[in-house]
Amino acid sequence: MAQLLVLTASAESEVLPALGLLSHRVRYIAAEPASLVNAPGHDLVFLDARKDLAASKAMAKLLNATGLSAPLIVIIAEGGLAALNSEWGADDIILDSAGPAEIETRVKLAISRSKEVGQNDTINASGVVIDEASYSAKIHGRPLDLTYKEFELLKFLAQHPGRVFSRDQLLSEVWGYDYFGGTRTVDVHIRRLRAKLGDLEALIGTVRNVGYRFNPSDSELASL
């Protein structure tokens, strides 16, 4: 059973009627930017584009711009098919008249493809999800507002959980050998990164007189 999120301005029963015949958990929220802030967890997003194509396209582009990590399927009426193109950034489309078998197949395929891509493009570690493809990071689903170097630093540490790196090593790996700044740069970025991690700031540990490391959870540590 998958967690499906439907973005729509219509009544639930009108959007994709056959969806209610399946066993997935379906949540409906308004197709507005403000609704995305506290959107429930989901494995796939349906975007209702049957009525207002311009607004729906803008919403689709916004979803992709903010680092959507779940596949996006656009629900469209047959008369609107000609308006769809690659600019929407959708993983698939489906007609609003689709039956339960077609919906089930498209959901399974989209989620399966997403997982295959995600194995190479995302890092999941102790509640932090790092998406290399979109240069975005989330902590328990909440987006982190990171600079490029903060993202690169977090990604590098998370790729090597439990391993301690000196400041010089981090300068070489993250900033590059041609960087002429001092090691204090690393300390400043670590401090800012911890502040943005909030309650999970302890994920980045300090080893006195040595450097820094990414502290995995106990269960993840046991599997290393």
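Derivation of every value follows stated rules applied to the coordinates shown; laboratory data play no part. Quick caveat, the model's predicted, so the values are computed rather than measured. FYI the Cβ positions are ideal-geometry reconstructions off the backbone, even for glycines, and counts take in every protein chain you see.
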Checklist line | Signed unit charges on C-beta, dipole axis of the chain, positive-most listed residue ALA31, VAL107, PHE156 | finding: PHE156
Next item on the list: Could you check which residue among ALA158, ALA31, ALA83 shows the biggest mean-square fluctuation in a GNM of the chain with a 10 Å Cα cutoff?
Entry: ALA83
Check: Based solely on its DSSP helices, what 222 nm [θ] is calculated for the chain when runs of n ≥ 4 H residues each add -39,500 (n - 2.57) and the sum is averaged over all residues, nearest 500 deg cm²/dmol?
Finding: -10500 deg cm²/dmol
Next item on the list: Please figure out what share of the DSSP beta bridges in the chain is antiparallel and state it in percent, rounded to the nearest 5.
Entry: 45
Notebook entry, point to check: Over the chain, what number does the Rg to Rh ratio reach, with both radii from the alpha-carbon atoms and Rh per Kirkwood?
Noted result: 1.07
Margin query: Quick one: 3J(HN,Hα) in Hz for segment 144-153, Karplus 6.51/-1.76/1.60 with θ = phi - 60°, rounded, Gly and Pro as x.
Written below: 9, 8, 10, 6, 4, 5, 5, 5, 4, 5
Check: What does the charge dipole of the chain about its Cα centre add up to, to the nearest 20 debye, if the Cβ of each Lys and Arg holds +1 and the Cβ of each Asp and Glu holds -1?
Finding: 760
Check: Can you give the charge dipole size of segment 3-122 about its Cα centre, rounded to the nearest 20 debye, using +1 on the beta carbon of Lys and Arg and -1 on the beta carbon of Asp and Glu?
Finding: 180
Notebook entry, point to check: the chain: longest stretch without exposed trypsin sites (Lys or Arg not before Pro) (DSSP loop, at most 16 other Cβ within 10 Å), sites themselves excluded?
Noted result: 52-162
Checklist line | For segment 88-103, 3J(HN,Hα) per residue [Karplus equation, 6.51 cos²θ - 1.76 cosθ + 1.60, θ = phi - 60°, Hz, x = Gly/Pro] | finding: 5, x, 7, 7, 6, 10, 8, 6, 5, 8, 4, x, x, 5, 5, 4
Item checked: Longest to shortest principal axis, alpha-carbon extents of segment 3-122, angstrom -> 37, 29, 29
Notebook entry, point to check: Hey, what do the phi angles of segment 73-85 turn into as Karplus ³J(HN,Hα) couplings, whole Hz, using 6.51/-1.76/1.60 and θ = phi - 60°, x for Gly and Pro?
Noted result: 10, 8, 8, 9, 7, 4, x, x, 4, 5, 7, 7, 8
Notebook entry, point to check: Whose amide H sits under 5 Å from the amide H of VAL6, counting only residues 5 or more places off or on another chain, with H placed in the peptide plane?
Noted result: ARG27, TYR28, ILE29, PHE46
